[in-house]
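One structure is given below, encoded as structure tokens.
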Amino acid sequence: MRSYLYQIKVATDRILRRLDKIEVILQAVVREIRRPRGPVQVYVNDSSKKTLDALKSLHRPASAAEVAAVTGRSRASESAELNVLWRSGVVEKTRHGRIEKLFSLKEDYCDKR
């Protein structure tokens, strides 16, 4: 009886190792499928375009307050616009310190000129 249990355990371990290998391969395939190819076009409204242009002109990650200083709008409205752009995948959001969040343009959306 004991040898049967051992054989089942060995077979189960072998199956689990194979499943781990398959999972690694599938994750690589999914990453490859999701990778953008060629130029990416995103349509944004005029308000978001003004925010994007301000973020591009700063040439570095910037807070909503810094973007607001360039556009002349309030920090709250720029924060809302930046979060819309972040949810659409155009900008990245990183935390700097305890409260401040910095936004930067993703490389896929930068001009290569």
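The values are calculated or read from the model by the stated rules, or taken from the named source; none is laboratory data. Model, not experiment: these values are computed from the prediction. Reconstructed Cβ throughout: ideal geometry from the backbone, glycine too, with neighbour counts over all protein chains shown.
So the values come out like this:
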quantity	calculated
All positions within the range 47-72 that are part of a helix (DSSP H, G or I), over 18 Å from Glu100 (Cβ atoms) and of a type in the set (Gly, Ala, Ser)	Ser47, Ser48, Ser57
Total residues in the range 61-103, condition exposed (fewer than 12 other Cβ atoms within 10 Å of the Cβ) and either among the small types (Gly, Ala, Ser) or at pLDDT 90 or above (or both)	3
Test: residue in the range 11-27 that is closer than 19 Å to Lys93 by Cβ, among the hydroxyl-bearing types (Ser, Thr, Tyr) and assigned to a helix (DSSP H, G or I)	no
Failed condition for Gly97, given (1) out of contact with any strand residue (DSSP E or B) (no Cβ under 8 Å at 6 or more places or on another chain); (2) on the phi < 0 side of the Ramachandran plot	(2)
